[in-house]
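Peer 1: One structure coming up, written as structure tokens, with questions to follow.
Just so it is clear, none of the values below were taken in a lab; they were calculated from the coordinates. Keep in mind the model is a prediction, meaning the values are calculated, not measured. Heads up, the Cβs are rebuilt from the backbone with ideal geometry, glycines too, and the neighbour counts pull from every protein chain shown.
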Amino acid sequence: MEQVDLRREFNEVGIGEVLDQLDRELIGLKPVKTRIREIASLLLIERIRKRMGLTSDVPTLHMSFTGNPGTGKTTVALRIASILHRLGFVRRGQVVSVTRDELVGQYIGHTAPKTKEILKKAMGGVLFIDEAYYLHRPDNERDYGQEAIEILLQVMESQREDLVVILAGYGDRMDKFFGSNPGFRSRIAHHIDFPDYADDELLAIAELMLRDMNYKLSADAREAFVRYIALRKAQPLFSNARSIRNALDRMRLRQANRLVADLDQALSADDIMSLEPSDILASRVFSRGT
Amino acid sequence: MRVTQGCFSFLPDLTDEQISKQVQYCLANGWAVNIEFTDDPHPRNSFWEMWGLPMFDLRDAAGVLMELSECRKVYGDRYIRLSAFDSSHGWESVRLSFIVNRPADEPGFRLDRHEVAGRGIRYTTNSYAADRPEGQRYGGK
């Protein structure tokens with residue numbers, strides 16, 4: 001019997017790096033990381049089985065990502081594409097990210113070419129459909145979305161080796177979407193749920209983002225930001241990491257304004273890099289009563 | 001008589017796998033691949049009809065092959081060719097073109113001789129297939 005050196009296989013395809021990168025750059029998301037590790041292991045074994053002639057058909061790799069806005073669905077999709085590419089389950093590894101607008105046309109005969117054009121661009125890679133439930137409009141049975149759904153389903157089934165489809169959206173609405181389109185549910189092998197971030201994870205994300213931009217929080221500012229997160233979370237339209245990013249952008253704005261206000265001072269690199277509590281406490285979040 | 005136009009036409013017909021590799025070569029060079037068809041085999045016929053739009057921004061040949069099989073379903077009794085368009089500055093033209101589908105029976109060409117003033121002779125080639133109206137050549141409906 002042929003012997004397989006699993007460690008060598010693992011190192012050869014280089015998914016270890018991608019998984020480590022995932023652990024390093026994505027904060028929290030434990031269940032997601034566990035699932036991705038599982039999928040990566042399965043695919044590694046599948047690859048070996050294929051080489052040994054133990055299996056011939058292509059595994060179904062279509063996935064659905066459910067979770068609230070800003071929980072990292074698009075970022076994880078990019079990583080998945082890279083893992084699939086390294087393992088040889090997609091040939092090119094590009095990610096084509098679309099929403100309803102790019103798939104569904106506006107008049108009769110417009111939808112099919114539009115959907116097919118996107119599919120052709122995604123061939124050999126991953127098609128990421130954000131807010132996929134908008135494809136299906138239950139209140140309008142003549143909606144062209146249905147046509148796009150049918151073409152997608154057909155390609156998902158017949159060209160499994162050419163294309164991996166990832167559907168993403170908010171949990172409850174995706175459930176409804178799958179309920180009314182059972183064809184999708186059965187063609188999707190991996191359902192991954194993205195949990196919301198805890199407060200300390202949001203803080204860690206903020207610090208990671210700031211580090212990438214060469215900023216830092218002073219100790220007082222850090223404490224103010226912890227309060228900011230708690231208050232912001234209670235307010236409507238909170239979208240996890242995306243809200244944090246926007247908050248940081250506004251804080252940078254305020255910091256720049258504060259620095260420019262006094263043109264005569266001599267600034268050190270440290271001054272330019274650090275965000276002070278006043279940059280955070282000026283936010284509307286603090287003035288609004290909870 | 002086998003029509004020989006474009007690349008590879010003196011070789012046996014390409015298999016789908018070979019077509020796919022050629023298309024991948026085109027895409028790797030950044031060329032946009034188009035599908036065209038006609039039922040007028042005359043070598044001077046430069047008006048081939050396009051199947052859909054030119055396919056820009058593709059990464060993988062599977063997309064082209066998908067369209068090709070659609071086109072074959074509808075126009076499988078005609079000539080179908082792929083052409084690769086290079087949009088880069090200085091080229092802006094077709095870089096590669098080859099036939100990927102041909103009618104089962106290609107009747108070939110007739111040579112017409114016109115006697116003109118002074119017993120001079122002018123020659124014209126006519127395709128036998130083109131004697132019938134468009135769409136009815138090569139055993140189409």
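Peer 1: Given axes a ≥ b ≥ c from the Cα gyration tensor, I'd like to know whether the stretch B:69-135 is rounded (a/c under 1.5), prolate (a/b larger than b/c) or oblate.
Peer 2: Note, shape of the stretch B:69-135 comes out oblate.
Peer 1: Next question. Quick check on the exposure proxy: order B:Trp31, B:Trp48 from fewest to most C-beta atoms within 10 angstrom.
Peer 2: Lowest to highest Cβ neighbour count: B:Trp48, B:Trp31.
Peer 1: Let me ask something additional. Pull up all non-local amide H partners of A:Ser64: gap of 5 or more, or a different chain, and H-to-H distance under 5 Å with H placed in the peptide plane.
Peer 2: A:Leu167, A:His190, A:His191, A:Ile192
Peer 1: Rounded to the nearest 20 Debye, what is the dipole magnitude of the stretch A:1-159 about its Cα centre when Lys and Arg each give +1 and Asp and Glu each give -1 at the C-beta?
Peer 2: 440 debye
Peer 1: Amide H of A:Lys216 versus every other amide H placed in the peptide plane: which residues, excluding those fewer than 5 positions away on the same chain, fall under 5 Å?
Peer 2: Here A:Ser274, A:Leu275 satisfy the definition.
Peer 1: Other chains near A:118-127: what is the mean number of their Cβ atoms within 10 Å of each residue's Cβ?
Peer 2: That works out to 5 on average.
Peer 1: Next up: Hey, what D do you get for chain B in µm²/s if you plug the Kirkwood alpha-carbon radius into Stokes-Einstein at 4 °C and 1.567 mPa s?
Peer 2: After rounding, the answer is 79 µm²/s.
Peer 1: Further question on the same structure: Give, in nm to one decimal, the length gained when the segment between A:Val58 and A:Asp220 is fully stretched (0.36 nm per residue of separation minus the Cα-Cα distance).
Peer 2: Difference between extended and current length: 52.8 nm.
Peer 1: Using θ = phi - 60° and the Karplus form 6.51 cos²θ - 1.76 cosθ + 1.60, what ³J(HN,Hα) does each residue of the stretch A:110-118 get, whole Hz, x for Gly and Pro?
Peer 2: Those phi angles translate into 9, 6, 4, x, 5, 4, 5, 4, 5 Hz.
Peer 1: Let me ask another. Which ³J(HN,Hα) values, rounded to whole Hz and listed in residue order, are derived for the stretch B:51-57 from phi using the Karplus coefficients 6.51, -1.76 and 1.60 in 6.51 cos²θ - 1.76 cosθ + 1.60 with θ = phi - 60°, glycine and proline given as x?
Peer 2: Once rounded to whole Hz, the list reads 8, x, 9, x, 9, 8, 6.
Peer 1: Starting from the exponent 0.38 and prefactor 2.2 Å, build the expected Rg for chain A from its residue count and divide its actual Cα Rg by it.
Peer 2: Taking the Cα Rg and dividing by 2.2 N^0.38 Å, one obtains 1.21.
Peer 1: Quote the FRET efficiency, to the nearest 0.05, computed for A:Asp143 versus B:Trp91 with a Förster distance R0 of 41 Å and r equal to the Cβ-Cβ distance.
Peer 2: 0.45
Peer 1: I've got another one for you. Quick one: 3J(HN,Hα) in Hz for the stretch A:227-240, Karplus 6.51/-1.76/1.60 with θ = phi - 60°, rounded, Gly and Pro as x.
Peer 2: 5, 4, 4, 4, 5, 5, 5, 6, 8, x, 6, 7, 10, 6
Peer 1: Taking 0.36 nm per residue of separation and subtracting the Cα-Cα distance, what length does fully extending A:Met213 through A:Asn246 add?
Peer 2: 10.5 nm
Peer 1: Give me a single rounded figure for B:126-132: the average over its residues of other chain Cβ atoms within 10 Å of their Cβ.
Peer 2: 0
Peer 1: As an exercise, identify the trypsin sites (Lys or Arg not before Pro) in the stretch A:76-162 lying in DSSP coil whose Cβ has no more than 12 other Cβ atoms within 10 Å.
Peer 2: A:Arg142
Peer 1: Residue farthest toward the positive end of the dipole of the protein assembly as shown, with Cβ of Lys/Arg at +1 and Asp/Glu at -1: which of A:Leu167, B:Gly118, A:Ile205?
Peer 2: Of the candidates, B:Gly118 comes out farthest on the positive side.
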